[in-house]
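See below for the structure under consideration.
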Amino acid sequence: GLLTVGLLASQPALAQSAEISAQSLGLVPLPREVKAYAATYTLPQQISVYAASPDARNVASLLKEMLAPLGKTVTLTTNSQAAQIKLLTAAMPNSEGYQLVVDKAGVRITAAGGSGLFYGSQTLLQLLPTKSTASARVPYVRIADEPAFKWRGAMLDVCRHFFPVEFVKKYIDFLAAYKLNTFHWHLTDDQGWRIAIKKYPKLTQISAFRKETLLGAQQTLKTPADFKYDGQPYGGFYTQEQIKEVVAYAQKRYITVVPEIEMPGHSVAILAAYPELACKPGTYEVWTKWGVNEEIVCPTEPTFRFFEDVLTEVAALFPGKYIHIGGDEAPKTRWKESPAVQEIMKRENITDVEKVQGWFNRRIETFLASKGKKLIGWDEILEAGIPASATIMSWRGEKAGIEAAKHGNDVVMSPSGYLYIDAGQNPVPHSPNEPLMICCYLPLDKIYNYNPLPKELTAEEQKHILGPQANMWTEYITTPEKVEYMLFPRLLAVSEVAWMPAARKSYADFLPRMSKQFARLDAQKIKYRVPEPVGL
Ligand code: TNX
């Protein structure tokens with residue numbers, strides 16, 4: 001394309017070196033256009049980086065951190081001549097795209113803004129040795145790159161098991177290294193509420209802790225006597241200061257944090273602290289099982305007041321435009337029995353109790369809009385009836401996502417059969433080294449070959465597909481090490497699903513590039529799963 005012509009014309013020096021295969025560089029995700037050459041440029045131990053804009057200076061400070069493990073020091077300069085790495089800005093068709101050129105004049109990364117410069121820096125890092133060495137040689141390259149999708153997400157469930165701030169930051173680093181830009185933080189669920197809300201202190205005093213944790217795989221347990229617990233109280237939460245710290249950390253790395261506050265289902269932890277929000281006030285406990293709980297908040301005025309207060313604090317903490325309101329798995333057992341709900345149905349002229357959730361969502365959506373936020377929710381919110389301004393996260397396959405896109409809603413594709421990375425990595429359930437398998441075997445090639453753009457949609461409708469998202473539910477993923485094990489190398493496949501157009505992907509081509517990344521994971525002491533050799 002034009003980009004190539006422009007780059008070529010300005011880089012006569014490159015033509016003098018023999019070309020080598022782009023594949024041999026082992027880049028993940030594979031950039032859109034790569035030319036690689038046998039010649040190399042050597043980065044000195046003390047690198048000076050040219051950064052003239054605030055975005056470039058931010059990326060330069062990240063480069064400093066990224067290069068420190070290689071024994072390099074980074075200083076900033078505004079003298080472009082003296083710099084080994086130049087971070088340059090120029091108008092580009094894709095705001096997240098970048099160009100990376102390495103030749104005898106050094107390294108030049110050009111992008112429209114900070115995110116592109118950051119992605120170019122991540123690509124540069126992948127071209128460098130993984131360990132500290134005196135001469136860090138970078139192959140001459142000419143790379144032009146841009147993402148296929150603008151939503152490139154991964155979720156972490158911190159409710160079923162809690163993960164400390166330090167690990168949440170590490171998770172964000174993982175996403176950033178593979179050019180994802182959205183971190184969905186699942187902050188509330190039946191088994192624990194994890195975000196401090198100043199107006200409701202009992203959410204952290206009571207809702208954040210459960211009596212004990214279930215041992216063993218729930219789906220194999222038949223009678224109550226089969227259920228075994230560890231007898232240890234379990235929980236945790238993030239203070240608002242910690243939330244701000246994580247948001248700022250992500251923002252610096254061009255990652256938007258989407259907080260999820262589940263409603264009206266997956267809410268029994270709220271009832272444990274505020275039982276007056278139930279249809280029938282009683283005593284409730286933070287749940288110690290997994291699955292779908294019938295005890296949910298009642299869609300009455302005190303509940304609206306509660307969520308409006310909570311969302312007011314949440315909206316102030318998270319600068320991104322989306323707030324995820326859950327919406328999944330909300331059984332209407334209690335609503336059906338409730339005279340208050342019957343009254344609402346009469347008043348609002350609703351004949352099907354399931355549709356009360358739609359009415360509930362619309363009120364929440366209006367409230368979010370008043371705070372300048374957009375509603376996103378699991379695909380159940382579509383069934384309940386939702387305006388076109390809501391975004392749907394399609395998890396029960398792609399059907400709801402397809403329907404929503406046809407309807408004019410924006411969609412994030414997160415079908416459980418392809419992108420639920422809590423699913424087993426080993427075909428044999430409950431094999432040693434694997435966490436208990438919550439559901440199913442999800443092989444790497446199935447993730448890799450997922451195409452977020454359904455063929456059922458026209459080109460116009462496909463524009464509503466914002467992108468894919470992988471989800472890490474943590475019922476049986478109890479520690480940071482297990483998260484890393486379930487995340488790697490799958491994150492690399494997810495990265496190519498999100499960054500590359502389907503037509504350019506090839507699993508056969510991906511595998512050797514993925515293997516080259518293992519040295520990088522080893523250097524960070526990440527305990528990834530080594531996939532079995534192909535063909536076995
Ligand atoms: C379904 S996905 C759920 C989660 C579970 C997950 C386990 C979704 C919206 N709801 O509550 O953790 O399955 O894979």
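Neighbour counts of other C-beta atoms within 10 Å: give me Val165, Val28, Val412 arranged from fewest to most.
With the sparsest Cβ surroundings first, the list reads Val165, Val28, Val412.
Please order Glu329, Glu262 by the number of other Cβ within 10 Å, starting at the fewest.
The most exposed by this proxy come first: Glu329, Glu262.
Which shape class applies to region 303-412: rounded if a/c is under 1.5, otherwise prolate when a/b exceeds b/c and oblate if not, where a ≥ b ≥ c are the square roots of the Cα gyration tensor eigenvalues?
oblate
Please compute the contact order of region 25-182 in relative form: average sequence separation of alpha-carbon pairs under 8 Å and at least six residues apart, divided by the residue count, as a percent.
28 percent
Determine the relative contact order of region 153-410: mean sequence separation of Cα pairs under 8 Å and six or more apart, normalised by residue count, in whole percent.
Averaging sequence separation for qualifying contacts and normalising by length gives 16 percent for region 153-410.
I'd like the antiparallel share, as a percent to the nearest 5, of DSSP beta bridges with both residues in the chain.
40 percent
At R0 = 45 Å, how high is the FRET efficiency between Thr40 and Lys321 if r is their beta carbon distance? Nearest 0.05 is fine.
After rounding to 0.05, the efficiency reads 0.55.
Read phi for every residue in region 476-482 and hand back ³J(HN,Hα) as whole Hz from Karplus 6.51 cos²θ - 1.76 cosθ + 1.60, θ = phi - 60°, with x for Gly and Pro.
Listing the rounded values in order: 10, 10, 8, 9, x, 4, 5 Hz.
Alpha carbon centre of region 447-489 versus region 316-332: separation in Å?
18 Å
How large is the Kirkwood hydrodynamic radius of region 385-500, in angstrom, based on all distinct alpha carbon pairs?
Hydrodynamic radius (Kirkwood, Cα only) of region 385-500 equals 14.9 Å.
According to a simple spin-label model (label point 7 Å from Cα along Cα-to-Cβ), what is the distance in nm between Glu383 and Phe304?
2.5 nm
How far apart, in nm, are two points set 7 Å out from the Cα along the Cα-to-Cβ line at Tyr229 and at Thr479?
The modelled label-to-label distance comes out at 2.3 nm.
How long are the semi-axes of the ellipsoid equivalent to the chain, from square roots of 5 times the Cα gyration tensor eigenvalues, in whole Å, largest first?
For the chain, the ellipsoid semi-axes come out as 44, 24, 22 Å.
Which of rounded, prolate, oblate describes region 173-228, given a ≥ b ≥ c as roots of the alpha-carbon gyration tensor eigenvalues and a/c under 1.5 marking rounded, otherwise prolate only if a/b is larger than b/c?
Note, shape of region 173-228 comes out oblate.
Find how much the distance from Glu329 to Thr288 grows on full extension, using 0.36 nm per residue of separation minus their present alpha carbon separation; answer in nm with one decimal.
Net length gain for the segment: 13.0 nm.
With θ set to phi - 60°, apply the Karplus curve 6.51 cos²θ - 1.76 cosθ + 1.60 along region 76-90 and write out the HN-Hα couplings as whole Hz, x wherever there is a Gly or Pro.
Ordered by residue, 3J(HN,Hα) equals 8, 9, 9, 9, 4, 4, 7, 8, 7, 10, 10, 9, 10, 10, 7 Hz.
For Cα pairs less than 8 Å apart in space and 6+ apart in sequence, what is the mean separation divided by the residue count of the chain, i.e. the relative contact order in percent?
14 percent
Using a cut-off of 10 Å between beta-carbons, work out the net charge of the residues near Ala400 (Lys and Arg +1, Asp and Glu -1, Ala400 not included).
-3
If N is the number of residues in region 2-145, what value comes out of its Cα radius of gyration divided by 2.2 N^0.38 Å?
Dividing the Cα radius of gyration by 2.2 N^0.38 Å gives 0.95.
Find how much the distance from Glu354 to Glu456 grows on full extension, using 0.36 nm per residue of separation minus their present alpha carbon separation; answer in nm with one decimal.
34.0 nm
At R0 = 51 Å, how high is the FRET efficiency between Asp509 and Ser132 if r is their beta carbon distance? Nearest 0.05 is fine.
E(calc), rounded to 0.05, equals 0.95.
What shape does region 153-410 have by the C-alpha gyration tensor, where a ≥ b ≥ c are the square roots of the eigenvalues, rounded means a/c under 1.5, and otherwise prolate means a/b greater than b/c and oblate the rest?
rounded
For Gly320, what is the net charge nearby, where nearby means another residue's Cβ is under 11 Å from its Cβ and Lys, Arg count +1, Asp, Glu -1?
The answer is +3.
How would Phe518, Phe118, Phe237 line up from fewest to most surrounding beta-carbon atoms within 10 angstrom?
Ranked by crowding around the Cβ, least crowded first: Phe518, Phe237, Phe118.
I'd like the trypsin sites (Lys or Arg not before Pro) in region 206-243 restricted to DSSP loop residues with at most 13 other Cβ atoms within 10 Å, sorted by number.
Lys222
Rule-based calculations on the coordinates, nothing more; no lab input. Just so we're clear, the structure is a prediction, and the values are computed from it rather than from any experiment. Because the Cβ atoms are built from the backbone with ideal geometry, glycine has one as well, and the counts that use them run over all protein chains shown.
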